[in-house]
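Note sheet for the following structure.
The values are calculated or read from the model by the stated rules, or taken from the named source; none is laboratory data. Keep in mind it's a predicted model, so treat the numbers as computed, not measured. Because the Cβ atoms are built from the backbone with ideal geometry, glycine has one as well, and the counts that use them run over all protein chains shown.
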């Protein structure tokens, strides 16, 4: 028998093999029918659910996803300026200080009292405010989902919350810390949702919630509140007769909104009257802040099509997305690419250009789909588009990237709306193109989500070291741990417990971490009516012994010596260097008051 004959099976063997193959095919077909049946059954069960139940389950999934995305990064890093400002002011409020008289700020009081309440309830630890922001972000994602459902199909309504959850790690730490902008945006989205609900069903409870949320947003960040008021006023008046409010008189529709908003505002005004600080409040937040903001934070939009001054470090710092900027600082590649000038420029153009394109495309697409059968959906789309445009003006006068992140949530809604309306317009004329558009959008959102999740793990990897301080259960970079621990050791050596210290120019976090008071009313964080003479007077009256000084001013501002020349001269003549506080490439100075007669 040849070698070929040995390899060829016999007739009996071939019959056995054929029977085996037939049995295997039957088993595969049966398994396939069973799996298909399960899928059909699952789909049937899903479709059998009421739309509200399906949307609720999706909302639960979004909430769990939002928590999961943030867990690797919510307690990472530390922000000495913004985070320090809120925490230290909240601490001083709990020590009996009064806003606007004893503590300088031009921001409305909501965030400071909210932070003071949280720290008083859960303990004096920065991680408390990080948990607060985690749940604020959960609320933001859910508000984006529920609002989007009123203007677009569910698949497109998912785009905004998923993109926002990708934005949180990519913008770290901008959207990971509890501050007035983040809280105000959350309240603004709540106002938008209740505006749409009130238009649909004309329920008084929704009107009361709408008024209270507008007031709360205003009392947290006044310019955001003013923009939300204007956008909601349009939403109440436009097409009112064809909405659920058509049978109610205009005045009757506005009264509960005005009553609840005025009630919230009145309680705050009564507080300022009772504490005798109403004049200080109005002067600091209304009269003085506007001009100072225009003077101190006048940063225009970067060119979307024109050339970028990428040899300007200040431009790169202010306008580069933080995810890319931090990747560059750590010497790593971004999406497999080296962080070159071209990558910087492309990131800036996309960050600013995509929202601008959506703002330009929305009116055209809303016009193309003006005959949409569902009038509520059609009008909700117009209201969302107007809200996004009006709220986007909150990026000014300083159109830096962090401020873009704060106005982005309504713009993400607009992206979903543009996608939905383009899908509908293409579906009527080019069904294949509509399917391709949906596929492209799904892939884009999925890739953005994966990039965000990957960057969250990078943030955790870059900040592995426990800070090791009792008032900040955070993990930070080794350099941050070193410099903050060294600063605390200097303060503890230099100042007795309870003795005031002074920190300059933009590190108010040290007041909170050391549990020390500021002998002046200025933490040099918020621009406005900052008096160098009063700073010197406070240092003299308290005979403050210790100053922690950073020679490098925040990149957005001129040097400390140019901003506060008289304070700089006073510090130079009355204090001497006692320590150099190091951490990585950063270097602060520990200064001590000179003895009388000491040169």
Scope the range 555-597; condition buried (at least 16 other Cβ atoms within 10 Å of the Cβ) and in a loop (DSSP other than H, G, I, E, B); matching residues: 564
One residue from 315, 272, 334 being touching a strand residue (DSSP E or B) at 6+ places or on another chain (Cβ under 9 Å) and surrounded by 15 or more Cβ atoms within 10 Å (Cβ to Cβ): 272
Unmet requirement for residue 262, which otherwise passes all of (1) under 30 Å from residue 379 (Cα atoms); (2) surrounded by 15 or more Cβ atoms within 10 Å (Cβ to Cβ); (3) modelled with pLDDT of 95 or more: (2)
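Within the range 197-215, track down each residue that is crowded, with 24+ Cβ neighbours inside 10 Å and touching a residue at least 60 places away in the same chain (Cβ under 8 Å). Don't jump to the end; show me each part of the working.
Looking only at the range 197-215, we keep the residues that are crowded, with 24+ Cβ neighbours inside 10 Å, and these are 198-199, 207, 210-211, 213-215.
Selection gives 199 alone.
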Residue 84 being within 22 Å of residue 503 (Cα to Cα) and touching a helix residue (DSSP H, G or I) at 6+ places or on another chain (Cβ under 6 Å): yes
One residue from 496, 457, 449 being surrounded by fewer than 14 Cβ atoms within 10 Å (Cβ to Cβ) and not assigned by TED's automatic domain parsing to the domain that holds residue 577: 457
Qualifying residue in the range 109-123 (condition: in contact with a strand residue (DSSP E or B) (Cβ under 9 Å, 6 or more places away or on another chain), part of a helix (DSSP H, G or I) and in the same structural domain as residue 268 (by TED's automatic domain parsing)): yes
Residue match in the range 487-508 (condition: closer than 16 Å to residue 177 by Cβ and touching a strand residue (DSSP E or B) at 6+ places or on another chain (Cβ under 8 Å)): yes
Qualifying position, being within 30 Å of the chain's Cα centre (by Cα) and at pLDDT 95 or above, among 554, 570, 511, 575: 511
Filter pass, residue 368 being surrounded by fewer than 18 Cβ atoms within 10 Å (Cβ to Cβ) and under 24 Å from the mean Cα position of the chain (by Cα): no
Residue list for the range 275-302, restricted to those being loosely packed, with under 14 Cβ neighbours inside 10 Å and modelled with pLDDT of 90 or more: 276, 279, 300, 301
